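K.L.:
Next up is a structure, given as structure tokens.
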Amino acid sequence: MCANAEPLAVPFRRAHPSVSQGPAPRSLAIGLIGPGQVGQAFLRQVRAAQGTLRRTRGVDLHMVAALGRQRMWWDVDDAQWQAAPDRTQVWRPSDPVAFLDHVQASGSQAVLVDCSASDAVPDQYAHWLHRGIHVVTPNKRAGSGPLHRWEAIQAASRHGGHFRYEATVGAGLPVVQTLRDLLDTGDDLHTIEGMLSGTLAWLCYHHDGSHPFSEWVRQAHTLGYTEPDPRDDLSGMDVARKLVILAREAGWALSLNDVQVESLVPSELANVEKEMFFKRLPELDAAMADRLAQADAQGGVLRHVASLDPQGRARVRLQVVPADHAFAHSRQTDNVVQFTTRRYADNPLVIQGPGAGADVTAAGIFADVLRLVDRPSPMA
Ligand SMILES: NC(=O)c1ccc[n+]([C@@H]2O[C@H](COP(=O)([O-])OP(=O)(O)OC[C@H]3O[C@@H](n4cnc5c(N)ncnc54)[C@H](OP(=O)(O)O)[C@@H]3O)[C@@H](O)[C@H]2O)c1
């Protein structure tokens, strides 16, 4: 249980960067870190929207550089760069310091978009924010990693660049901003409940007793719905990271080890080789069949639920939800987040939709980037 849950010393409600900064830019120099699936989708979306944004909103977005682990590229606005699959003609060896200087020198307002899953990159966020550079990311490591690092990032964002991370929870769904808006407008949060894993949502949706649970896991893996090692989904840790991000947003000083997580992976299979795990997958079946029978007996359905209660206790587990609950009607790989608040007490506020995928995640990042820009009058 979450015995360590205490309100955060930092009053996020008043200090949040979205309400504390001065004039915002109309022109942004963007540096991309991690040109993988999400990063490349983001590049494509920016490129497709640049002309319209310039014309209709007077907003100039310049993609000035991209940084991978081994290589970096400048002039990524260049059509030739975009078209060349390996981009060999312009890459140079990665040099994070030169990259940073180049991005910052390329415009009066600069933003770094961290599309890596690295834990090392967020170590730099506070430094960048202090330099006045904005940071936008779908990377969950900062929001769910060490609390002192998170607090340093928040503190830096109050005096320097903005820090936005909507796509860390629910990909393109407006989850973090909705929670922020509820709190900033004076609502009181009672509970957060969420189905925050598309993979586990899909497994719970299909696990109806017609086939052993292990067969559904294999099918989800074949369809590409799971991580390469399905234990990364089944352990519940990715969901726990998202819950920590939401809990901190709500003002609770939670860390990952404060979350009570029920793993669907038996301890004896947690550390075996991946091939051996697949071989022994049917060892999950009996326990999952029992859980399904219990849900049936109660007239409910089995769902994988993350929850934060009014005392700041955070849990991630399989749960029986009533047949008329919002989670019972979730579809396929949907994420569903339900906020119960003073204003939304009897009928909670529900956000639902695809919570993963490169395109929707990139769109969440893109929307965050655009929120860094002021609202100019439409240009002729
Ligand atoms: N895919 C989704 O549906 C989804 C949804 C929500 C959030 N996210 C988050 O979005 C982020 C990106 O996901 P993805 O699916 O695009 O992953 P990905 O395809 O593996 O791409 C990650 C990229 O980051 C690069 N990278 C790793 N460490 C780096 C470092 N220290 N410096 C510079 N670049 C580095 C990798 O380069 P190498 O190829 O050299 O390793 C790769 O290009 C992750 O944080 C993920 O959790 C993804």
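K.L.:
What does the charge count near Ser214 come to, summing +1 for each Lys or Arg and -1 for each Asp or Glu among other residues with Cβ under 10 Å from its Cβ?
P.N.:
-1
K.L.:
Still on this model: Where Lys and Arg each count +1 and Asp and Glu each count -1, what net charge lies around Ala201 among other residues with Cβ under 15 Å from its Cβ?
P.N.:
After counting each charged neighbour, the total is -2.
K.L.:
On each of the three principal axes of the Cα atoms of the chain, give max minus min coordinate, whole Å, ordered largest first.
P.N.:
Principal-axis extents of the Cα atoms in the chain, largest first: 63, 49, 40 Å.
K.L.:
Have a look at Gly170, Gly224, Gly236 and tell me which one the Gaussian network model of the chain (Cα, springs below 10 Å) gives the largest fluctuation.
P.N.:
Top of the fluctuation ranking is Gly224.
K.L.:
Calculate how many DSSP beta bridges within the chain are antiparallel, expressed in % of all such bridges and rounded to the nearest 5.
P.N.:
60
K.L.:
Determine the sum of side-chain charges near Leu67: Lys and Arg each +1, Asp and Glu each -1, restricted to other residues whose C-beta is under 11 angstrom from that of Leu67.
P.N.:
+1
K.L.:
Can you tell me the dipole magnitude for the range 195-252 around its Cα centre, using point charges on the Cβ only (Lys, Arg +1; Asp, Glu -1), in Debye to the nearest 20?
P.N.:
Charge dipole, the range 195-252, about its Cα centre: 160 debye, nearest 20.
K.L.:
While we're on this one: How much of the accessible area of the range 184-342, probe 1.4 Å, is carbon plus sulfur, in whole percent?
P.N.:
In the range 184-342, the share of accessible area belonging to carbon and sulfur is 49 percent.
K.L.:
Angle between the Cα long axis of helix 358-371 and the longest principal axis of the chain, 0 to 90 degrees, nearest 10?
P.N.:
Relative to the chain, helix 358-371 is tipped by roughly 50 degrees.
K.L.:
Per residue, how large is the accessible surface of the chain? Use a 1.4 angstrom probe and give square angstrom.
P.N.:
44
K.L.:
Give me the aspartates and glutamates in straight-line cross-link reach of Lys279: C-alpha distance below 16 Å, same-chain residues under 8 apart excluded.
P.N.:
Candidates past the 8-residue exclusion: Glu215, Asp229, Glu268.
K.L.:
May I pose another question? With springs only between Cα atoms under 10 Å, which of Glu193, Glu215, Glu268 fluctuates most in a Gaussian network model of the chain?
P.N.:
Between Glu193, Glu215, Glu268, it is Glu268 that shows the largest mean-square fluctuation.
K.L.:
Hey, in the GNM for the chain with a 10 angstrom Cα cutoff, which one of His325, His207, His134 fluctuates hardest?
P.N.:
The residue that fluctuates most here is His325.
K.L.:
Follow-up question, since we're still on this one. Expressed as a whole number of Å, what is the distance separating the alpha-carbon centroids of the range 241-275 and the range 112-127?
P.N.:
The distance from the Cα centre of the range 112-127 to that of the range 241-275 comes to 21 Å.
K.L.:
Quick one: compute the contact order of the chain, relative version, from alpha carbon pairs under 8 angstrom and 6+ residues apart, as a percent.
P.N.:
It comes to 24 percent, rounded to a whole number.
The values are calculated or read from the model by the stated rules, or taken from the named source; none is laboratory data. None of these values were measured; they are calculated from a predicted model. Glycine also receives a Cβ, built like all others from the backbone with ideal geometry; neighbour counts cover every protein chain displayed. The area values use the complete protein model at the heavy-atom level, side chains included, leaving out ligands, DNA and RNA. Shrake-Rupley method; radii C 1.70, N 1.55, O 1.52, S 1.80 Å.
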